[in-house]
Amino acid sequence: MEEPGCAAPGSSPSGRAPEARGSPCGNWMATHPKLTEMMSLDVADSTQVYAAFLVYLDLLEGKNWHDVTCVGLAELQLVCLRGREREAENLQVVVPTPVHMSFTHQRLREIMQKACIPQDETDSPLSVILAIVESDSTVVYYKLTDGFIMPDPPDDTEDMDNKQWRKKRRKLLR
């Protein structure tokens with residue numbers, strides 16, 4: 001059974017040359033509705049848009065995020081993604097970028113201020129997830145926050161009784 005609009009391998013419904021091997025419908029990415037939506041945003045850098053699309057696919061298909069949407073920040077020339085890692089969690093901001101793009105501290109602070117969503121907890125610092133896309137489509141994620149955040153306590157209760165852990169915890173809380 002063939003998909004509508006797709007031809008059997010080695011043939012073409014329009015009489016043109018056959019589609020590329022391994023891709024029965026040709027370049028499906030170029031006609032993907034979300035890529036088309038991202039390209040219509042006011043962002044001139046096509047490599048940044050393509051990186052955003054790859055991160056979008058990774059978040060949905062690889063990491064099973066929920067409610068992922070794209071937002072164009074024309075003044076920063078960026079496409080940002082917003083979504084939930086789990087259904088009950090707050091929205092998080094993901095900033096996709098190609099590996100060759102450089103950022104200064106000033107630029108990162110500007111991105112945090114314009115892209116971040118105010119959270120319910122007023123004492124939580126601004127944060128974004130920087131998604132760096134390599135040329136082979138590998139994506140590496142870094143969570144950046146505006147300031148330091150206290151790490152979660154260990155899950156292992158044995159460490160809670162440990163004298164060194166209590167000493168370290170007291171030092172961190174000062």
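Figures for the structure shown
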item	result
Flag for residue 75 being acidic (Asp, Glu), modelled with pLDDT under 90 and either under 14 Å from the mean Cα position of the chain (by Cα) or outside any loop (DSSP other than H, G, I, E, B) (or both)	no
Counted residues, the stretch 65-85 - those being basic (Lys, Arg) and more than 16 Å from residue 127 (Cβ to Cβ)	0
Members of the stretch 98-112 found to be in contact with a Ser or Thr (Cβ under 9 Å, 6 or more places away or on another chain) and either assigned to a loop (DSSP other than H, G, I, E, B) or of a type in the set (S, T, N, Q) (or both), listed by number	99, 100, 101, 103
Tally of residues being aromatic (Phe, Trp, Tyr) and either open to solvent by 30 Å² or more (accessible area, probe 1.4 Å) or under 20 Å from residue 43 (Cβ atoms) (or both) across the stretch 56-109	2
Candidate set from the stretch 29-41 (those that are touching a residue at least 24 places away in the same chain (Cβ under 8 Å) and assigned to a helix (DSSP H, G or I)); member that is farthest from residue 107 (Cα to Cα)	29
Residue that is modelled with the highest pLDDT [pool: residues in the stretch 113-167 that are open to solvent by less than 80 Å² (accessible area, probe 1.4 Å) and part of a helix (DSSP H, G or I)]	115
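Residue-by-condition table, conditions (1) on the phi > 0 side of the Ramachandran plot; (2) in a helix (DSSP H, G or I); (3) of a type in the set (Phe, Trp, Tyr):
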residue	(1), (2), (3)
43	no, no, no
47	no, yes, no
50	no, yes, yes
53	no, yes, yes
79	no, no, no
82	no, no, no
90	no, no, no
96	no, no, no
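The values are calculated or read from the model by the stated rules, or taken from the named source; none is laboratory data. On a predicted model such as this, the values are computed, not experimentally measured, just so you know. Because the Cβ atoms are built from the backbone with ideal geometry, glycine has one as well, and the counts that use them run over all protein chains shown. Side chains are part of the model used for accessible areas, which takes the heavy atoms of the whole protein and leaves out ligands, DNA and RNA. Shrake-Rupley method; radii C 1.70, N 1.55, O 1.52, S 1.80 Å.
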